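Down below is the structure, laid out as structure tokens.
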Amino acid sequence: MDELLRVENIFKTYPKKKEKVKALENVNFQVKKGELVGLLGPNGAGKTTMVKIICGLVAPDSGKVEVAGYNPWRERSRALRNLSAVLEGNRNIYWPLTVRENLNFFAALKGEKPSRVRGRIDDLITALNLEDKVNVTARSLSRGMQQKLALAVALVVDVPVLILDEPTLGLDVESALEIREMLKNVVREENKTVLLTTHDMRLVRAVCPRVIIINEGKIVTDDRVDNLLRLFEIKSYRLHLGSELTPQQVIEVQEVENTVISNGSGSGIFIDINLENMENLYRVLDILRKNNAPIESIERKEIDLEEVFLEIVGRRGLNGKPVSSERSV
Ligand SMILES: Nc1ncnc2c1ncn2[C@@H]1O[C@H](COP(=O)(O)OP(=O)(O)OP(=O)(O)O)[C@@H](O)[C@H]1O
Ligand SMILES: [Mg+2]
């Protein structure tokens, strides 16, 4: 079986006084073995609800989820045997136990012999830089360290599917990097299937070839990150001029579509041109040539994933319409 995670026609509402809150509306996606997929969306989009449904913690109103072919609701223990999860703000660790005791305990709980997991536990402790804390109780760790320990616990037994809800939330730069490297490793070396929610676009760029974006409970995009970047790559140029424009030039430049004039901090002005076609750039250059306005530089502006995300979730005019480079969502 190729798809280790199947989510089909999921609807979920939460009761709220007299009305209902629609948390998920007809969500469908699949994740193949060895894939690492980012589940993105603004606050309240439904990510954590989706994660909890996959983990069998929340029942959907309708629809179906399968983890390695098992329904986490009806075939709970089989589904959970194939899945590890770290949930938002709910750390799956025992406060009175030390770091090493936690790892031993959870390995034993999943039926592993201590001798078989000793090496793995040591590797996790080293990778997450917890060596100095092995004998410290979970209760006495900092919040970020507790989060790292929770991830280590989720990885202590080798299960095929890993679900992470905001794994780098609130971590310092170094810890976030450790988690990023660890995620790359578990996919590369253990061929794990990972679904992770995050607001951290650098993490997404580093580890997720594919993203699913949900907005107000609906999937608006399910695509490869490089496709999305290409799709939104508006050819945009920025001209930096060393002197002011004449009033006539300002009027003429403003008449060129998709052109914005702004003052540079200190010296000169900027003209940003979003090019639907190259003609706009040539028109602006012709206007500038009239009084030999000195062009200091011409730069191509790159779009980044954060901007793409904002476009897709409708903060910048697409009104949350589905976006895809190929598959329909
Ligand atoms: N237990 C609950 N009871 C009632 N409403 C809930 C409950 N959990 C979530 N919701 C509502 O469901 C919607 C989706 O919430 P969810 O926590 O899934 O969003 P999220 O995408 O994880 O957001 P965030 O990025 O802030 O973590 C929100 O409108 C939220 O208020
Ligand atoms: Mg959440």
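The values are calculated or read from the model by the stated rules, or taken from the named source; none is laboratory data. Values in this document were obtained by computation on a predicted structure and should not be read as measured data. All Cβ positions, even for glycine, are placed from backbone atoms using ideal geometry, and neighbour counts span all protein chains on display.
Selection within the range 274-293: residues that are loosely packed, with under 11 Cβ neighbours inside 10 Å and closer than 13 Å to residue 245 by Cβ. The member of this set that is modelled with the highest pLDDT is 289.
Within the range 88-103, the set of residues being assigned to a loop (DSSP other than H, G, I, E, B) and of a type in the set (Ser, Thr, Tyr) comprises just one member, 94. If you check 161, 156 for being touching a Phe, Trp or Tyr at 6+ places or on another chain (Cβ under 6 Å), closer than 28 Å to residue 2 by Cβ, surrounded by 13 or more Cβ atoms within 10 Å (Cβ to Cβ) and not small (Gly, Ala, Ser), only one passes: 156. Checking 217, 170 one by one, the residue that is in contact (Cβ under 8 Å) with a residue 24 or more places away in the chain, under 26 Å from residue 54 (Cα atoms), of a type outside the set (Ser, Thr, Tyr) and touching a strand residue (DSSP E or B) at 6+ places or on another chain (Cβ under 9 Å) is 217 and no other.
Filtering the range 1-32 to residues that are away from ligand 1 (no atom under 16 Å from the Cβ) and either in contact with a Phe, Trp or Tyr (Cβ under 8 Å, 6 or more places away or on another chain) or modelled with pLDDT of 95 or more (or both) leaves 4, 5, 6, 8, 9, 28, 30, 31, 32.
Looking across the range 163-216, the residues that are in contact with a Lys or Arg (Cβ under 7 Å, 6 or more places away or on another chain), away from ligand 2 (no atom under 16 Å from the Cβ) and assigned to a strand (DSSP E or B) come down to 193, 210. Got at least one residue in the range 92-111 being among the aliphatic types (A, V, I, L, M), out of contact with any His (no Cβ under 7 Å at 6 or more places or on another chain), in contact (Cβ under 8 Å) with a residue 60 or more places away in the chain and under 19 Å from residue 163 (Cα atoms)? So far as the range 92-111 goes, yes, one or more of its residues are among the aliphatic types (A, V, I, L, M), out of contact with any His (no Cβ under 7 Å at 6 or more places or on another chain), in contact (Cβ under 8 Å) with a residue 60 or more places away in the chain and under 19 Å from residue 163 (Cα atoms). In the range 141-157, is there at least one residue being over 22 Å from residue 81 (Cβ atoms), over 25 Å from the mean Cα position of the chain (by Cα) and outside the structural domain of residue 33 (by TED's automatic domain parsing)? Scanning the range 141-157 turns up at least one residue that is over 22 Å from residue 81 (Cβ atoms), over 25 Å from the mean Cα position of the chain (by Cα) and outside the structural domain of residue 33 (by TED's automatic domain parsing).
Just one of the listed residues (67, 86) is more than 16 Å from ligand 2 (Cβ to nearest atom) and of a type in the set (Val, Ile, Thr), namely 67. With respect to (1) touching a Pro at 6+ places or on another chain (Cβ under 8 Å); (2) within 15 Å of ligand 1 (Cβ to nearest atom), the lone exception for residue 68 is condition (2). May I ask you to verify whether residue 130 is out of contact with any Gly (no Cβ under 7 Å at 6 or more places or on another chain), away from ligand 2 (no atom under 16 Å from the Cβ) and farther than 25 Å from residue 34 by Cα? Answer is yes for this residue. Could you please find all residues in the range 20-53 being within 16 Å of ligand 2 (Cβ to nearest atom) and in contact with a helix residue (DSSP H, G or I) (Cβ under 8 Å, 6 or more places away or on another chain)? Listed by number, the residues that qualify are 23, 24, 27, 38, 39, 40, 41.
Applying the condition of being among the acidic types (Asp, Glu) and either surrounded by fewer than 16 Cβ atoms within 10 Å (Cβ to Cβ) or over 19 Å from residue 10 (Cβ atoms) (or both) to the range 196-236 and asking which residue is farthest from ligand 1 (Cβ to nearest atom) yields 233. When 83, 97 are screened for being aliphatic (A, V, I, L, M) and surrounded by fewer than 22 Cβ atoms within 10 Å (Cβ to Cβ), only 97 passes. Are any residues in the range 229-261 of a type in the set (S, T, N, Q), at pLDDT 85 or above and not in a loop (DSSP other than H, G, I, E, B), and if so, which ones? Of everything in the range 229-261, those that are of a type in the set (S, T, N, Q), at pLDDT 85 or above and not in a loop (DSSP other than H, G, I, E, B) turn out to be 248, 249, 254, 259.
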